[in-house]
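Structure first, then comments.
The values are calculated or read from the model by the stated rules, or taken from the named source; none is laboratory data. Please read these numbers as outputs of a predicted model, since none were measured by experiment. We place every Cβ from the backbone using ideal geometry, glycine too, and count neighbours over all the protein chains shown.
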Amino acid sequence: MNKRLLIANRSEIAIRIIRSAHKLGLTAVVLQSDKEPDALYLQYADEIIQAKDATNDKPIFLDAERIVQIALDHQIDLIHPGYGFLSENPDFAALCEKSGINFVGPSPDLIRNMGIKTIAKKMAIEAGLPLVPGSDGAVADVQKALDSAKKIGYPVLLKASAGGGGRGMRIVEKPETMERNFKSAFDEATAAFGNGDLFVEKYLENPKHIEFQILGDKFGNVIQLGERECSLQRKHQKLLEEAPSASISPKTRKKMGKMAVKFAKSIGYFSAGTIEYILDEDGTFYFMEMNTRIQVEHPVTEMVTGVDLVDWQIKIALGQKLTLTQAKVKTTGWAIECRVNTEDPQNRFSPQTGFIEKIRFPQNTNIRIETGVQNGSVVTPYFDSMIAKIIVQGSTRQEAIDNTLEALEDFSLIGLKTTVPFCRTVLQDPEFVSARYTTRWVTQFFNPNMLENEDDELIGALAATIIYAAEYLQIASDAPASRNESLNVWVLNKRINK
């Protein structure tokens, strides 16, 4: 195509986009942040543009005007925003459009309307989607919020109109706590989104989070590629996802999917996007929001459908028509994604920063690894703590669970703590195995003591001994095949037990 694609993002999603760019014959250009000058994604790009960060707190990936100017200076044809950062910033998309640069995503108006939840909900009502009972638009002050909550019934949820990712969101159990929570949510929303508007919604105490992946082109064609369940969350941040969901019936799946397509068509949506639903305990579902970007968890959908979502994002941006029809979309097997965050789940998921001395990922035909780190990488406090995603497939849900557990046993990282032990605990928990888990699993069932392994200290000491013997004494006949394998404490544990 002889076109140049600038990726306004970093880490694993930058590498993922580069992969699609190369498949489509595009030149992949990336930005080098001085906050991580040796990042892994730089090795995969065709061209690297050095871009000094605007301030100590603001990375280049949040500087819309500079990114667009850099794109103009380097004859860039397309900009892919990835997820996070400026991916759902309508002003960034508008600036690209105004400058004659093709933004890989929907139009600025679509991003803006779907980003303001009160507007999105009105449009959803017009399309016939069911909504959780809530206030009629944003509430201007605490008294208006109290009035709405009284009509709806406690507990209620305060949500940021322009928000996402759990920011600007507070549960209010009773009128006495409304003022404190309102101020807290307002301040957080204002700081995060520059917009402190809040609305009130009935709080569903044990819901599930189900999202439908859609693709739409610029010719009015829209399809859905099935659902993902993203109920395993902590503070509204997803930790583990699966596709499809074991929580909905075929009849409900069909209905939710049809509504997702109907809504997307009604607003003229194009590009990749997700329609987010919340599922109540009685099986009733409600429209929650629409995300106008590629999702972190998109690989599970790709694994069960065989459809490359990032390829289609780019092709749609280039004006290509969808060749996929709804009848051609088939789901095969089950897929689970575990997010690998450098956090300590035994200490309130506190962030871990520093050097990754050694990292080893599992390898198998049913495993897909998306990562932005390697041996020697530095995890800084400037970016999100997610360093990788381990995505595993099985022919059935139980097989996918078993395969994922096996994959996690073959993962190791020396230098920092990760959420992998937490994922292992989740996958073996009866609530997850039976698919009864909800968005409140972490607060209801998780206890840091569940992660403790009394053999860990012994295993760690044995690992160190094997490394010493293999590297310095060269008597590795009984040691694992490689240094990386010798660092895998779960493999060592298996051997000890044998």
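A few comments on the model shown:
- Taking segment 77-88 as the range and being crowded, with 19+ Cβ neighbours inside 10 Å, at negative phi and of a type outside the set (Asp, Glu) as the test, the residues that pass are LEU78, ILE79, HIS80, PRO81, LEU86, SER87.
- Total residues in segment 259-285, condition of a type in the set (Asp, Glu) and within 22 Å of the chain's Cα centre (by Cα): 1
- Strands (runs of 3 or more DSSP E) lying entirely in segment 336-452 (those with 1 or more residues that are more than 30 Å from GLY306 (Cβ to Cβ) and not aliphatic (A, V, I, L, M)): 358-360, 412-414
- Hey, GLY306 under 22 Å from the mean Cα position of the chain (by Cα) and either buried (at least 20 other Cβ atoms within 10 Å of the Cβ) or more than 24 Å from ALA14 (Cβ to Cβ) (or both) or not: no
- Segment 263-282 - residue that is touching a Ser or Thr at 6+ places or on another chain (Cβ under 9 Å) and β-branched (Val, Ile, Thr) and, of those, farthest from GLU302 (Cα to Cα): ILE278
- Qualifying residue in segment 268-282 (condition: farther than 15 Å from GLY226 by Cα and exposed (fewer than 14 other Cβ atoms within 10 Å of the Cβ)): yes
- Residue match in segment 300-323 (condition: in contact with a Pro (Cβ under 7 Å, 6 or more places away or on another chain), over 30 Å from ARG112 (Cα atoms) and part of a loop (DSSP other than H, G, I, E, B)): no
- Single unsatisfied condition, ASP410 versus (1) under 20 Å from HIS298 (Cα atoms); (2) surrounded by 17 or more Cβ atoms within 10 Å (Cβ to Cβ): (1)
- Residues that are over 15 Å from GLN313 (Cα atoms) and touching a residue at least 60 places away in the same chain (Cβ under 8 Å), drawn from segment 9-32: ASN9, ARG10, SER11, GLU12, ILE15
- Qualifying positions in segment 354-375 - without any contact (Cβ under 8 Å) to a residue 40 or more places away in the chain and farther than 18 Å from GLN393 by Cβ: ASN375
- Within segment 363-383, the set of residues being farther than 16 Å from LEU240 by Cβ and buried (at least 17 other Cβ atoms within 10 Å of the Cβ) comprises ASN366, THR371, GLY372, VAL373, SER377, VAL379, PHE383.
- Checking ILE116 against (1) touching a Pro at 6+ places or on another chain (Cβ under 8 Å); (2) modelled with pLDDT under 95, the condition it does not meet: (1)
- For LYS258, the stated conditions hold: it is of a type outside the set (Ser, Thr, Tyr) and surrounded by fewer than 18 Cβ atoms within 10 Å (Cβ to Cβ).
- Put simply, of ASN403, ASN488, ASN484 the only residue that is at pLDDT below 90, surrounded by 19 or more Cβ atoms within 10 Å (Cβ to Cβ) and not assigned by TED's automatic domain parsing to the domain that holds ILE60 is ASN488.
- Candidates LYS330, LYS321: the one that is at pLDDT 95 or above, farther than 23 Å from ALA246 by Cα and of a type in the set (D, E, K, R) is LYS321.
- Residue within segment 94-102 that is without any contact (Cβ under 8 Å) to a residue 12 or more places away in the chain and at negative phi present: yes
- For segment 33-56, residues that are touching a residue at least 60 places away in the same chain (Cβ under 8 Å) and either among the acidic types (Asp, Glu) or closer than 27 Å to GLN320 by Cβ (or both) total 3.
- Some residue of segment 264-280 being outside the structural domain of ALA149 (by TED's automatic domain parsing), part of a loop (DSSP other than H, G, I, E, B) and of a type in the set (Asp, Glu): yes
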